[in-house]
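The block underneath contains the structure these notes are about, expressed in structure tokens.
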Amino acid sequence: MNLGVEIAGVSFKNPVIAASGTFGFGREFGEYIDLSKLGGICSKGLTLNKNLGNKGTRIYETTAGIMNSIGLQNPGIEYFVDVELPYLLNQDTITIANLGGHSVEEYALGAEILDKTQVPMIELNISCPNVKEGGMVFGTDPDKASEVISKVRKATKKPLIVKLSPNVGSIPLFAKIAEDNGADAISLVNTFNAMAIDIKAKAPIFVNKTAGLSGPAIKPIALRMVYEAAKSVNIPIIGMGGITNYKDAIEFIMAGASAIEVGTANFIDYNTMIDISSGIENYMKEEKISLLSDIRGII
């Protein structure tokens with residue numbers, strides 16, 4: 001059975017990738033699992049400068065999921081390049097740098113720095129607020145999404161994955177925008193905008209009132225969005241959203257994903273991704289499937 005997949009010229013030993021923001025920079029989980037058994041690791045979201053993140057509650061459990069309002073806390077791109085990237089590149093797995101920003105200029109400068117490194121791929125997180133223009137998220141405005149993707153595309157020759165927000169009216173529209181502006185692949189979905197209220201305090205749980213919902217609760221919606229995106233573009237898709245076992249992963253692949261990212265499930269069991277990979281392999285043996293491409297997009 002061959003679990004290998006190729007995305008934008010980069011070869012992954014298997015389709016299971018650690019999602020950004022739930023796996024740190026690999027070190028944290030490296031004490032407990034063999035990182036070489038993963039297809040890839042997507043770094044915590046990086047911004048040009050160090051970011052302390054949001055105040056107040058950051059993680060809140062909800063039915064079949066969690067809500068988070070981390071606020072892109074990270075040590076900055078330069079620190080990542082100097083301290084964390086060497087460690088990641090020394091692991092026998094593919095490193096993906098997740099790039100965030102709060103202005104087009106910040107995104108472009110970050111991409112220029114990463115372009116000079118040995119990181120194999122960049123995942124562009126366009127679910128960030130455009131601070132310069134009132135806080136609207138780049139990934140929910142077609143014009144701003146086009147602008148930031150095209151500027152980052154010009155700033156780097158690295159294979160570029162664009163991570164889409166689910167908080168839009170049309171996933172096919174934004175998938176096509178990504179493809180038309182130079183994305184080599186698409187990853188989706190990011191977290192859903194959600195809310196929780198403390199009825200004793202009679203106030204929102206989160207300082208920013210809303211937060212991002214992830215976990216099993218969003219899986220059926222994420223799966224539908226991956227299916228829609230796969231039907232609208234000709235570039236590879238990395239699916240994510242509530243994947244907790246190999247069956248979930250197979251569903252995403254059948255919907256059109258070339259690979260999958262696992263996020264929230266890592267908080268439940270740090271062996272989840274390794275179990276998913278072995279589960280996919282066993283499924284392929286049982287079903288006499290030689291290559292994942294044999295079932296990709298069959299729905």
Original post:
Mind checking Rg over Rh on region 115-163, alpha carbons, Kirkwood formula for Rh?
Top reply: 1.01
Original post:
Cα gyration tensor of region 160-299, axes a ≥ b ≥ c as square roots of the eigenvalues: rounded (a/c below 1.5), prolate (a/b > b/c) or oblate?
Top reply: oblate
**OP:** Please pull out the direction-averaged projected area of region 159-217, using the convex hull of its alpha-carbon atoms, in nm² to one decimal place.
**Re:** 5.6
**OP:** Quick one: work out the % antiparallel among DSSP beta bridges in the chain, nearest 5.
**Re:** 40
**OP:** For region 113-196, state the average projected area of the convex hull of the C-alpha atoms over all orientations, rounded to one decimal in nm².
**Re:** 6.1
Original post:
What are the semi-axes of the equivalent ellipsoid of region 7-123, taken as the square roots of 5 times the eigenvalues of the Cα gyration tensor, listed largest first and rounded to whole Å?
Top reply: 22, 20, 13
Original post:
Per the Debye formula with a single identical scatterer at each Cα and no solvent contribution, what log10 I(q)/I(0) holds for region 77-144 at q = 0.14, 0.28 Å⁻¹?
Top reply: -0.47, -1.21
Subject >> Accessible area of region 1-154 divided out per residue, in Å², using a probe of 1.4 angstrom >> reply: 43
Original post:
Given the pairs Lys50/Lys200; Lys37/Lys116; Lys44/Lys209; Lys116/Lys285, which are separated by over 31 angstrom at their Cα positions?
Top reply: Lys50/Lys200; Lys116/Lys285
**OP:** Give the shape of region 255-299 as rounded, prolate or oblate, defined through the alpha-carbon gyration tensor: a ≥ b ≥ c are the square roots of its eigenvalues, a/c under 1.5 means rounded, and otherwise the shape is prolate if a/b is larger than b/c and oblate if not.
**Re:** oblate
**OP:** Search the structure for amide H atoms under 5 Å from the amide H of Thr210, placed 1.01 Å from N in the peptide plane, and list their residues when 5 or more places away or on another chain.
**Re:** none
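222 nm [θ] for the chain, helices only, -39500 (n - 2.57) per DSSP H run of 4+, per residue, to 500?
Calculated at 222 nm, the ellipticity per residue is -8000 deg cm²/dmol.
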Original post:
Given the C-alpha centroids of region 1-40 and region 53-109, what is the distance between them in whole angstrom?
Top reply: 16
Subject >> Interchain or long-range residues, amide H under 5 Å from Thr62's placed H >> reply: Met67
Subject >> the chain: relative contact order in percent, alpha carbon pairs under 8 Å with at least 6 residues between >> reply: 19
**OP:** List, in order, the whole-Hz ³J(HN,Hα) value for each residue of region 293-299 obtained from phi through the Karplus relation with A = 6.51, B = -1.76, C = 1.60 and θ = phi - 60°; use x for Gly and Pro.
**Re:** 5, 5, 10, 5, x, 6, 7
Original post:
Near the amide H of Gly21, under 5 Å away, which other amide H atoms are found, from residues 5 or more places off or on another chain, if H is placed in the peptide plane?
Top reply: Lys44, Gly45
**OP:** Any lysines with Cα under 18 Å of the Lys231 Cα? List them, leaving off those in the same chain fewer than 8 positions away.
**Re:** Lys163, Lys176
Subject >> Highest average packing first - 83-89, 50-56, Cβ atoms within 10 Å >> reply: 83-89, 50-56
Subject >> Phi-based couplings in Hz for region 56-64 (Karplus 6.51, -1.76, 1.60; Gly and Pro marked x) >> reply: x, 4, 10, 10, 9, 6, 9, 4, 6
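The values are calculated or read from the model by the stated rules, or taken from the named source; none is laboratory data. Treat the numbers as computed from the prediction; the structure is a model and nothing was measured. Neighbour counts run over all protein chains shown; Cβ positions are idealised from the backbone, glycine included. Just the protein is used for accessible areas: all its heavy atoms, side chains included, with ligands, DNA and RNA removed. Shrake-Rupley method; radii C 1.70, N 1.55, O 1.52, S 1.80 Å.
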